[in-house]
1. For residues that are aliphatic (A, V, I, L, M) and open to solvent by 10 Å² or more (accessible area, probe 1.4 Å), tally how many sit in segment 366-418.
2. Name the residue that is farthest from K228 (Cα to Cα), counting only residues in segment 157-178 that are open to solvent by less than 60 Å² (accessible area, probe 1.4 Å) and of a type in the set (A, V, I, L, M).
3. List every residue pair whose Cβ atoms lie under 7 Å apart, where the two residues are 6 or more positions apart in sequence or sit on different chains, the first residue falls within segment 590-611 and is more than 18 Å from T572 (Cα to Cα), and the second residue, located anywhere, is of a type in the set (A, V, I, L, M, F, W, C) and open to solvent by 30 Å² or more (accessible area, probe 1.4 Å).
4. Taking the condition modelled with pLDDT of 95 or more, open to solvent by 70 Å² or more (accessible area, probe 1.4 Å) and hydrophobic (A, V, I, L, M, F, W, C), does V612 pass?
5. Check segment 143-150 and report whether any residue there is free of Cβ contacts under 8 Å to residues at least 24 places away in the same chain and either open to solvent by 20 Å² or more (accessible area, probe 1.4 Å) or in contact with a Cys (Cβ under 8 Å, 6 or more places away or on another chain) (or both).
6. Cβ-Cβ distance below 8 Å, separation of 6 or more or different chains: which pairs start in segment 530-542 with a residue that is without any contact (Cβ under 8 Å) to a residue 12 or more places away in the chain and at positive phi and end on one that is part of a loop (DSSP other than H, G, I, E, B) and small (G, A, S)?
7. Considering only residues that are open to solvent by less than 10 Å² (accessible area, probe 1.4 Å), over 17 Å from L231 (Cα atoms) and not aliphatic (A, V, I, L, M), which ones fall in segment 179-198?
8. Is one or more of the residues making up segment 338-345 open to solvent by 10 Å² or more (accessible area, probe 1.4 Å), in contact (Cβ under 8 Å) with a residue 12 or more places away in the chain and part of a loop (DSSP other than H, G, I, E, B)?
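The values are calculated or read from the model by the stated rules, or taken from the named source; none is laboratory data. Keep in mind that this is a model prediction, so the values were computed, not measured. Ideal geometry is used to build each Cβ from the backbone, glycine not excepted, and the neighbour counts take in all protein chains shown. To get the accessible areas, we keep the full protein, side chains included, count just its heavy atoms, and leave off ligands, DNA and RNA. Shrake-Rupley method; radii C 1.70, N 1.55, O 1.52, S 1.80 Å.
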Amino acid sequence: MILQPVNWRRALLFIFAVATGVAGAAEGRQDPVRLSLTDADIAHRFQARREAVREKSIGSIIPADPTKGGIFDVAACLQQGKQREAALARLARINEPMPDANMFWMYPMVTVMVAGREGLDAASWARIQELWRIYWPSRGDTENHWALYYTSLYLAAQCFPGAGPEQWFNGRSSAENMAEARSYLEHWMQVTTSYGQGEYDSPNYIEEYVTPMCLLAGWAQDAGLRQKARLMLDYVLYDYVVESLDGYYGGAHSRVYPRQIVAPAQTPVSALGWLLFGFGEPQPNGTVQLVALSGYVPPPILERIARDRDRPYVERELKRTRWRMRNAGPESFAIGDKRTVPVYKYTYVDHDFVLGSTQGGLLQPIQQQTWSLIWRTDKGLQSANTFFGVQPYSSPYEGTMFFGGDWDTVTDLIARSKADYDSPDKLPGGSPYERVFQHGSALIALYDMPEGNRFPHITTFFSRDLTNTTEDASGWIFAQGGPAYIAYRPFAAGEWKPNDWTGLLRNGAGGFISTGFQGWGEGHRCYVSGARRNGYAVQVAPAREFASFALFQQAVRALPLRFSTQSAPEATFTALDGSVLHARYGDAPTVNGAPVDFAHWPLFESPFGHAVRGSQQLEISHGEERYLLDLGHNRSEQSVVPAQP
């Protein structure tokens, strides 16, 4: 039977329901106590979702219309031996023009080559070989670009063993291309598992790391590299699940686009969360299709961790900034011939919300999210279950720190692809004038902006999903995000503005960046404060701990809070848990009088995992279960098998 093209989500929900006998496929909304977490049941549900993705991919290729279906649909048909002629006809159409997507052409084409090799005919293979000879894809300039580029190059060269320099766009033999690619990929794994990832914890760009590791884990012929890629894939996915809530990626992020920062469900990581762990709703996504074809099966311990939110916990992580080309600063250190700065992540994970942050400053160009709050919601893809703040900094100083452009033109070059970068109402971004400090579910942010700063204000985002927003006479602003109560105390007066008050995204600027704005971008507002010395305190609490919203407000009003913005901004705040937080701009923060120890910050630390800087090891745990990832020795070890019923 040939499936006709229908709504992607509805098709997957139907196929999944038939495969499992479950009437609804949004497993993330089921009672976690009732959902069996045995190895066998986790595997059964994953296999059903994976098969649903494959079947939907195959059904997207239409024999009567070779313009329908994408390249991952072609790969699925060729791998599964279904609708082969139609898939080859579609591939011929795709391969007619000269490619122009660089590494984003490379990895889909390699997927067809490795997953669909048995189904490719001589003419298709010859055209693929020709394209690798005549098209020169750019390597790009980001961490994810290089991971995609070198993985694709490695596997493409693997497909052409013995090919000489004349058969390659870059004038190197297959052996030379494989050696260079492997060298970089193993270097990236070593740096990431020793010092932390540069493009860390991105709800968008996580797929650009899942993709290359899945390709290598599924199809690298070298057993050692295949094993290391699988370990690295488990490593990246653990990094996600330990800061997640119902599949939403909580905490601070290196890179987010406007839609993703406003609507956490409409992200690639949420699409992956459905396939891998059964959270949320299915969404069309190429990486989801690739994972379904690769043979990768996530270790069951990851889903057990993702669903275990019975007790609040703190997750601390060490990451690093993107390589700094200039303006590296005194906190920078060298890895080889490149300089970077440590990123200290702190995330508080509750049953009903996740509050997470970094220390502030310029940690990633353009798209940084320094801190955020998300909460449980039943609104699905339309949810805007988030609350956060930003200082919308824009300067050639930032551009020349991370990019090779010159001072006079770099901002314009950035804004050509990231249209919101140079807009006063942007929501993603870092600032050199921001310092953030968090302990538990309380947070202090301080700002000291000099004269001449292009956008001298701070913006706090209040989403349309917030209810009961109250401006209290005490100066606190209270709001409720689903099962989370929020208290926000600005240190200087501000005014309410609609998000996107310039109309930049609403009027379509930035192409894909603003696509669908009417659905995800309207109805929110921001509290905007223009004092150059500024700050705020945030206290979050689960609604279940208070008999009413009014009693939460009463408790917060009674908390001691002192702040000053006369010189260096400073605040002392006693949180709901009794901890005394003190922060002064430019100084190390303290908790109960003790300075925060950044010098010994762990690579990972929570009840579910532990890793030491430089170790290349990550020990994952859940109850009595232990799963060791040892990238330095390319091995894994499961010390205890969980008891089965």
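1. Residues in segment 366-418 being aliphatic (A, V, I, L, M) and open to solvent by 10 Å² or more (accessible area, probe 1.4 Å): 5 in total.
2. This residue is A163.
3. Partner pairs satisfying both residue conditions: P602/V612; L603/V612; S606/V314.
4. yes
5. Looking for residues that are free of Cβ contacts under 8 Å to residues at least 24 places away in the same chain and either open to solvent by 20 Å² or more (accessible area, probe 1.4 Å) or in contact with a Cys (Cβ under 8 Å, 6 or more places away or on another chain) (or both), one finds none in segment 143-150, hence no.
6. none
7. Result: G198, single match.
8. No, there is no match, as no residue in segment 338-345 is open to solvent by 10 Å² or more (accessible area, probe 1.4 Å), in contact (Cβ under 8 Å) with a residue 12 or more places away in the chain and part of a loop (DSSP other than H, G, I, E, B).
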